[in-house]
Structure formats: C-alpha cells, structure tokens
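The values are calculated or read from the model by the stated rules, or taken from the named source; none is laboratory data. Source: prediction; values computed, not measured. Note that each Cβ is placed from the backbone with ideal geometry, even for glycine, and that neighbours are counted across all protein chains shown. Ligands, DNA and RNA are stripped out before the accessible areas are found, and what is left, the full protein with its side chains, is counted by its heavy atoms. Shrake-Rupley method; radii C 1.70, N 1.55, O 1.52, S 1.80 Å.
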Amino acid sequence: MHPDHDTGGSNALPLSGRIGKGPSDLLREEVLDPQFRYEAEHLLPHYIAIEKALVAEYLRMELVTAGQAAELDGLLDSVTREELLAGREANMSDIAFALERHVETRLSEPVAAWHVDRSRNDLQACAQLMSGRQRLVSAAEALLAFGRAAGRLAGRYADDPMPGYTHLQAAQIISPGFYLAALSEQVLHTARRLLATYDGIDACPLGAGAMSGQELAWDRGRLAALLGFRRVQPVALTSVAYRGWVLEITAEFSVFGVALSRFTTDLMAWGSSAYGYLDLPDELSGISSAMPQKKNFPVLERIRGKSAHLSSAHMDAVLGQRNTPFSNSVEVSKEAGSQLSFAFETFESVLRLSTAVLEHVRFDTKRMNEACEREFLGGFALANALTLREGVPWRRAQVISGRYIVAAMEAGLAPAQTDAGLLKRTAAELGFELTAPESVLTGTFDVRHALNAPRSEGSARPEAVAAVLRAQEKEFERLGEEWAARARSTRSGHGGEEHDSAAVLA
C-alpha cells in the first residue's frame, strides 16, 4: 500500500510536521469536537460542493485527469456525516482535514496534485458564507409569510373603529387594519434590507488562499459561478478576514426584533381584561394554575421574550469581532459567529409564532367601537373645525376645544351628546363669538365619521388603508420573486450535473 493510503487509524500519516502531537483531550472536549459536530451537521454539504468545484478547477488546469476527477467526485459524494465523526481522532477534529483524509485513503491511486495550493482559511470562509446565504433565504421566506398574514388580517379589519393610543392614552380613532398595515410595512422594510444584505455579501471568498492569494491561476469567477455566487470577493484578505456579514444579518434581525416587540406589547395590552379588544383560540392560550377565571396569552409573552435574544445574538457577534486583527482568526471565524445559528433559529421561531397569532386572532369590534364612543376622540377635529369654519386662530381653537371637553365631562355628557350652547359659551369666555356652533360640532364626535375624516395619503381612512394594502401586496409579490431568485442561486451551488468536474470543464 502506498503510504498516502493509510486508512486513518493510529498509524495514519501526520497532518503536520510542525507539531508532533494531536490536540489534548481538553481541547477536543471543550472546543474542537463541538465545532466538528456542528460543521458536520450543518456545513458538510457546502464543504463537499466547494471541494467538487475545486476538482473542476484542477481538471481545467490539467493538474488531474478526467478519470482522477471523476474518482475524486465520486468519493466526495460518498462522504457521510457518520463516517467523518467516527474518524475525527485521526484528523485533529477538523472538517477540512476529515474530508481530505476520507478521500485520500480511498483513492485507487494517489492524486498528487489534489489539494495543492490550497488553504483551509478560504475554504472555511466560503462554507460559512454559503450556509449563511442559504439560511438567510429561509429566514426571508418566513418573514414574507408573516407579512402577508399581517396584510390579510389588516384587510379584514380596515373598516372597524378602535381607539389609537399615544402616551398610553386614547388619542384618535384608527382601525386594526390601519395598525396592522404599519406592521406589514415594517416587514417589507426588513425584507428589503435583508435582500440588500444578501446581495452585499454575495461575493465568493474561494481562491483567496490563506490571506494573500494563491500561486496557481485559479479561475475565481468560475468557482463563484459553480457555487452560486453572483461575483468574486475582489480582495483576498477580505475573503478570509471578513465576517461582517454575520454582524449585518444579526443587526437586521435585532432591529426587526425591537419593532416586533413593540407591536407585540400592544397586542398584549389589547388582549388584557382591561381592554378586551382581541382574543386567541384556546390552543394558543394558557391558564392560571390558581385562578380558574383567567385565560392567558403566554404566546405573546414568548414572542416578546424571544425577540430580545435577537439583540443579544447581535451583541455577541459584535463583541466577538471588535479589537481583533483584520486577518484570518479562529476567534472571529468560530467564536464570534457561535450564536449565528441560534439567531437564525430564533428569528424563524418568532416569525412562526407571530404568524400563528395573526392567522387566529379575532378582534372584538363591538367592544372597540364602544371604547371609541366613551372617549372624546374628536378634540383634534373640533379644533380644526373652529379654525376652518369660524376663523379661530389654531392655538386658541385648541384651548376652546379642550375647555369644551372638560365642561362636557363635568356636565356628564357623552361625546356624542354635543351641546352647541356650551361650545358657544366656552368660546365667548375667550373672546370669540361663534356664528354656527352646531355646524362646528356636526360629526366631530361621531365614531364612524372620525374614522373616515382623514383625507391624507396613508391615513386611517378605510379607503386609504385599502390603497396601502394593495401597494404592499404588489411589493410582497416583487420581493417574493427576488428572494426566489436568490434561493435558486443558493441551490445551484449544491449537487447536480453542474458540479461533476467533466461536465463543467470549459
């Protein structure tokens, strides 16, 4: 047997001449084995795709024959996670070494040039980035599904009045549809930003070597195309040193998590017994172990709580990278990204839970309407009418409106029980003689009138909400197509004829 064909047991050839012993049990247990298991579970398909693209380049450069390339491809296709895990003792618990040894020990004859002019640095950077792109596509799909659910729910409740709150006080009449259109808009904003993030990081690092480039004439553009990248990362150093894409992705997740937490806080309040504006089915609800009268909504608390983890994952990545040299570094490439998988999992978990809430929540339109009728939510409209119909200067109109509301409440009047005489007297106290106070009050405190009163684009008026939702639906369709195209790109970097070396040889 040729010495290079050792099976990888205790007599396996060493991987380095620089050190004479493999990692200690401590290093394996605490660092290397957990990393190896993670990469074997999540990154192995990307490593294999990269290795096959490299074989195609060796064939193009005539460093291997077509027969050798075919054998290398076949052995790479035969790799299993279980085999790699079983043989980690002989490869320093390193996924790249494990693949190399798996193939070399099974070749019918040695292929001397295989892995010549290669480094683990750009190999690892490329596999990690391929995984990041693939998972980002999945995250975007979940995000768009959530946004569409918000849009559908908004359309069902665009005509139903509810109090809108500022400073936790009832302020103006809106609708659940208007509110949910704002949530849908936030989703679109995040989907566009994540798309820009994807396109910004869609640059292949393979071919950069350890840090300064490689000695052979690798066709990096061809490597990028084989792996589904849009372009090549132009600077070799950036290829192996840069993990800013981890920061960018987790930053967008964190920003969205903050926004989602704020929306969820409103749903928690509106679902409380103090408001009673919404309800969830029993299967999405909880109970109290001590108070049988209670129906709780812990799913909303979970959503808000989980959203905090998105910010913590981002901060972990930030702190892991700051004050490190801009070069290949295990600290940056491994430790600083250790929470990335958790961030993806949490982001999609939050979205799945939130989508389920929006698909099953029901608003109590009667109770919301009654809440609107109890409040003097037409104060702003009254001030406007005083200025536009009676010529009262705006700030003075505000004072008159406020004083009228106070006087009406003291008199025990409901908002709909307007009193033109009271308004006239209130204005006169401030030196303004109203000519038609009845006209000024007409419709001012009517709930339905108030919902339809705003005329500006993007307002709570049902027609305006409907227009926004139509525009959002078109944007969801556009973004869905854009993300589908990115998904096809990530899939093109794995499996299929395009990665058989003979098939891709130009």
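Based on the Cβ-Cβ distance from D282 to V258, what FRET efficiency comes out when R0 is 25 Å, to the nearest 0.05? Could the numbers behind the result be given before it?
Numbers: r = 30 Å, r/R0 = 1.22.
In this case the efficiency is close to 0.25.
Compute, for the chain, the length of the dipole vector about the Cα centre, with Cβ point charges of +1 (Lys, Arg) and -1 (Asp, Glu) only. Units Debye, rounded to 20. Numbers along the way, then the final one.
Details: 52 positive and 65 negative charges, 368 e Å.
In total the dipole reaches around 1760 debye.
Against the longest alpha carbon principal axis of the chain, how many degrees, from 0 to 90 and to the nearest 10, is the axis of helix 379-390 turned?
60
Go ahead and run the numbers for FRET between A145 and S212, Cβ-Cβ distance against an R0 of 41 Å, rounding to 0.05. Could you put the intermediate results ahead of the total?
Values: r = 44 Å, r/R0 = 1.08.
E(calc), rounded to 0.05, equals 0.40.
Which angle from 0 to 90°, rounded to the nearest 10, does the C-alpha axis of helix 340-360 make with the longest principal axis of the chain?
Between helix and principal axis, roughly 40 degrees.
Excluding F432 itself, calculate the net charge of residues whose Cβ lies under 15 Å from the Cβ of F432, where each Lys or Arg counts +1 and each Asp or Glu counts -1.
Numbers: positive: R389, R395, R396, R403, K424, R425; negative: E390, E429, E433.
Value of the local net charge: +3.
For A290 and L26, calculate 0.36 nm times their separation in residues minus their Cα-Cα distance, and state this gained length in nm to one decimal.
Numbers: separation 264, 0.36 × 264 = 95.04 nm, distance 4.84 nm.
Additional length available on full extension: 90.2 nm.
Using alpha carbons only, how many degrees (0 to 90, rounded to 10) separate the axis of helix 176-201 from the longest principal axis of the chain?
Rounded to the nearest ten degrees, it is 20.
Considering only protein heavy atoms and a 1.4 Å probe, what is the carbon-and-sulfur percentage of the accessible area of the chain?
Working: 12540 of 24020 Å².
C and S fraction of accessible area: 52 percent.
Report relative contact order for the range 141-290 in percent, whole number only (criteria: Cα-Cα under 8 Å, sequence separation at least 6).
Details: 141 pairs, mean separation 24.9, N = 150.
Relative CO of the range 141-290 lands at 17 percent.
Cut-off under 16 Å on the C-alpha distance; same-chain residues fewer than 8 positions from K52 excluded. Which aspartates and glutamates are left, in chain and number order?
Those aspartates and glutamates meeting the cut-off are E62, E71, D73, D77, E100, E104, D117, D122, D219, E497, E498, D500.
Among the DSSP beta bridges whose two residues both lie in the chain, what percent are antiparallel, rounded to the nearest 5? Please report the intermediate quantities before stating the final value.
Values: 9 of 11 bridges.
Around 80 percent of the beta bridges assigned by DSSP in the chain are antiparallel ones.
Count the net charge of all other residues whose Cβ sits under 13 Å from the Cβ of A397, scoring Lys and Arg as +1 and Asp and Glu as -1.
Working: positive: R389, R395, R396, R403; negative: E390.
The answer is +3.
Report the label-to-label distance for T324 and A112 in nanometres (one decimal), using points 7 Å from each Cα along the Cα→Cβ vector.
Here the answer is 3.9 nm between the modelled labels.
Helix-derived [θ] at 222 nm for the chain: sum -39500 (n - 2.57) over DSSP H runs of at least 4, divide by residue count, nearest 500?
-19500 deg cm²/dmol
Relative contact order of the chain, please, whole-number percent, based on alpha carbon pairs below 8 angstrom and at least 6 residues apart.
Working: 681 pairs, mean separation 100.3, N = 506.
Once divided by the residue count of the chain, the mean separation gives 20 percent.
From a point 7 Å beyond the Cα of R156 in the direction of its Cβ, which residues of the range 257-289 have a backbone N at a distance under 14 Å?
Those under the cut-off are 278-282.
Could you give the radius of gyration (one decimal) and Dmax (whole number) of the Cα atoms in the range 318-447, in Å?
Answer for the range 318-447, Rg first and Dmax second: 28.2, 80 Å.
Measure off 7 Å from each Cα along the Cα-to-Cβ vector at A471 and R488, then give the distance between these two points in nanometres to one decimal.
Here the modelled spin labels are 2.9 nm apart.
Roughly speaking, what % of Cα-Cα pairs in the chain are separated by over 29 Å, rounded to a whole number? Before the final figure, lay out the partial values.
Numbers: 80073 of 127765 pairs.
That fraction is 63 percent.
Among all the lysines, which ones have a C-alpha under 29 Å from K366's C-alpha, if same-chain residues fewer than 8 places away are not counted?
K294, K295
Net charge within 14 Å of A170 by Cβ-Cβ distance, Lys/Arg positive one each and Asp/Glu negative one each, not counting A170 itself?
Numbers: positive: R367, R374; negative: D266, E370, E373, E375.
Every neighbour counted, the sum reads -2.
With unit charges on the beta carbons (Lys and Arg positive, Asp and Glu negative) and the dipole taken about the Cα centre of the chain, which residue among Q417, G177, L195 sits farthest to the positive side?
My answer, from the dipole projection, is Q417.
Would you mind working out the accessible area per residue for the chain, using a 1.4 Å probe, and quoting it in Å²?
Using a 1.4 Å probe on heavy atoms only, each residue of the chain averages 47 Å².
List the aspartates and glutamates whose Cα lies under 17 Å from the Cα of K424, skipping any in the same chain that are fewer than 8 positions away.
E390, E410, E433, E438
Just want the answer: with Cβ charges of +1 for Lys and Arg and -1 for Asp and Glu, which residue in S439, L353, S401 is farthest toward the dipole's positive end in the range 347-439?
S401
Give the long-range amide H neighbours of G164: residues separated by 5 or more places, or on another chain, with amide H under 5 Å away, using H modelled in the peptide plane at 1.01 Å from N.
A171, Q172, I173, I174
In nm, to one decimal, how far is the modelled label at K366 from the one at R302, with both set 7 Å along Cα→Cβ?
About 3.1 nm, to one decimal.
Any chance you could run the full-extension gain for E41 through D77? It's 0.36 nm times the residue separation minus the Cα-Cα distance, nm to one decimal.
Between E41 and D77, full extension yields an extra 11.4 nm.
Among L76, A49, S272, pick out the residue whose Cα is farthest towards the positive end of the charge dipole of the chain, where Lys and Arg carry +1 and Asp and Glu carry -1 on C-beta, about the Cα centre.
Going by the Cα projections, it comes out as S272.
Taking 0.36 nm per intervening residue step and subtracting the Cα-Cα distance, what contour gain separates S272 from L388 on full extension?
Working: separation 116, 0.36 × 116 = 41.76 nm, distance 3.98 nm.
That works out to 37.8 nm of additional length.
Determine the dipole magnitude for the range 389-497: charges of +1 sit on the beta-carbon of Lys and Arg, -1 on that of Asp and Glu, nothing else is charged, the reference point is the Cα centre, and the result goes in debye to the nearest 20. Could the numbers behind the result be given before it?
Numbers: 15 positive and 15 negative charges, 36 e Å.
Computed about the Cα centre, the dipole is about 180 debye.
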